[in-house]
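What follows is one structure encoded as structure tokens, with my remarks underneath.
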Amino acid sequence: MDENVGIASDRVSPAGDPLAEPTPPPLERKYRYFILEPAVLLIFFAWNISAFVFANQIVYQSCTVTFGKNKSLCALLGTENETEEMQQLEKAVQPYAANILMAKSLVESIVPAFCSMFIGPWSDRYGRKPVIVACFTGAFFTYGIVAFISFLSMYYSISPWYYVLASITTALSGGTCALITGVFCYIADVTSEQNRAMKMAIVEAAVFTGLLTGTLSSSFLLHWTNAATVFATAAGAVFLGLLYIVFYIEESIQPNELGESNSKLRELFRLDLVTELMQTCFKRRPNYDRLIIWMVILALGANILAMDGTQTVFLLFLRERFGWTVKDYSYYDATSIVFMIFGNTLGLYTIRKVFKPSDTMLAAIGFFFYAVSSAIHSIAYEPWHLYMAVCICFMKGISGPMSRAVISNTAPAGDIGKIFSLTTSIESITPLVSAPLYTVVYKQTLAWYPGAFNLITATVYFTCMCLMM
């Protein structure tokens, strides 16, 4: 595929002369250094500072409440002090905890899958900023509720299933996929075509930086305080990101382009928005642009299927296969993220400068490295094997931003929101398949091959690479 195939509206001057120099977006000068990167960093910091702690909390409360074990005994799960008895208890508790994590993943997928069909077309009319603000607000309430439940569990026996209810606010606000839609639509609005791919990669680097700082902080904060404080810290980080968006970020849709309505919320659920979305995504386009767009959409959907499914059970896998604690996982995750940040910035800049590959080829390279990494995970029997995969596959993080850059450079600017909306709808639906699939595979293979799910992941990523070639 050729990254230059397609007709982008920012290639044509206001006078209509296609040979004239394209007019830069009005907000590009203001956002010369930072656009949404600080806010994105904060929300993904919140995600990673709480991820492993949340899984541990689910296992701990499943042990104490559901299995009725002593608190001091359950506190030893996932530590370096595990005995043979503790390992047997871990194997009994983990399948139950995996069901709760699966339910959480499904709640955060079903509603966003429905909402995402409306968000893109709505944001084309009424702006990107309300979508991003809603996502941050929902995440703030989710972490706040989780912190409150965790605090109460220190004094009362509370079923771990209540944590699933906390995910409802995230689901109603559109979830992670709606956040990604809003962020990348905004980036496409305020950047010129020649800078867009690199800016999207920088946003992805901000994601990894947030994940890195969250990982590095997680085990230490948990050691010094408790799980409730970790979740409260996550809520505070999201709130800071929300303030940044509210007071610094301007609406990227120009005032004369915004739709007029007395109730923008009511307009969100108009069925003709879905009709408009479908017509946009399926209409004929020159130079095989429709085929290019759909192959990228399918690759991104499969990418989320593999990523979300792996995330559902990967922490449990590390505990079972290598007996890792929160600190062990923090070191590994931090190393992985540092290498991906390097790949998304200096690595990507060097490859583009020296070899000048297309965005599609760069996306294919990213998916290839994901496949190799998952294949290594599937056969790893020593912790250093995981670190070897990190070093070899440091460029895997470029797959997402390069894929979205292909879409934004292929479709006209007025269609980007709708296409990204359908993309995120598909991405939201995939966990409905991936979470149960990976949970079942992990539970069935736990006794004899706990890393079997990585083979599924490697196959999916290899398919994504083929779609981008």
Any chance you could count how many residues in the range 154-167 are open to solvent by less than 20 Å² (accessible area, probe 1.4 Å) and hydroxyl-bearing (Ser, Thr, Tyr)? 2
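Confirm whether Ser192 is closer than 27 Å to Ile419 by Cα, under 17 Å from the mean Cα position of the chain (by Cα) and either outside the structural domain of Asn344 (by the TED database) or surrounded by fewer than 24 Cβ atoms within 10 Å (Cβ to Cβ) (or both). Break it down stepwise before answering.
Values: closer than 27 Å to Ile419 by Cα: yes; under 17 Å from the mean Cα position of the chain (by Cα): no; either outside the structural domain of Asn344 (by the TED database) or surrounded by fewer than 24 Cβ atoms within 10 Å (Cβ to Cβ) (or both): yes.
Taking the combined requirement at face value, the residue does not satisfy it.
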Just one of (1) among the charged types (D, E, K, R); (2) over 20 Å from Lys327 (Cβ atoms); (3) at pLDDT 80 or above trips up Glu90, so point out which. (2)
Please work out which one of (1) closer than 23 Å to Ile249 by Cα; (2) open to solvent by 20 Å² or more (accessible area, probe 1.4 Å) is the condition Gly182 fails and give its number. (2)
Would you mind stating whether Phe369 is assigned by the TED database to the domain that holds Val296, among the hydrophobic types (A, V, I, L, M, F, W, C) and closer than 21 Å to Phe453 by Cβ? yes
Quick check on the range 315-326. Is at least one of its residues among the small types (Gly, Ala, Ser) and assigned to a helix (DSSP H, G or I)? no
Here is a check on your reading of the model: is Ser218 in contact with a Ser or Thr (Cβ under 8 Å, 6 or more places away or on another chain) and polar (S, T, N, Q)? yes
Residues Ala413, Ala405: which one is touching a Lys or Arg at 6+ places or on another chain (Cβ under 8 Å) and either under 30 Å from Thr275 (Cβ atoms) or without any contact (Cβ under 8 Å) to a residue 12 or more places away in the chain (or both)? Ala405
Within the range 368-451, which helices (runs of 4 or more DSSP H) (wholly inside it) include 3 or more residues that are buried (at least 22 other Cβ atoms within 10 Å of the Cβ)? 399-410, 413-445
What pairs come out if I take residues in the range 378-398 that are in the same structural domain as Gly343 (by the TED database) and pair them with residues that are open to solvent by less than 60 Å² (accessible area, probe 1.4 Å) and not in a helix (DSSP H, G or I) whose C-beta lies under 6 Å away, six or more apart or interchain? Ser378/Gly451; Leu386/Ala380
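The values are calculated or read from the model by the stated rules, or taken from the named source; none is laboratory data. Bear in mind the structure is a predicted one, so any value in this text is a computation, not a measurement. Heads up, the Cβs are rebuilt from the backbone with ideal geometry, glycines too, and the neighbour counts pull from every protein chain shown. Surface accessibility is based on the protein's heavy atoms, side chains included, excluding ligands, DNA and RNA. Shrake-Rupley method; radii C 1.70, N 1.55, O 1.52, S 1.80 Å.
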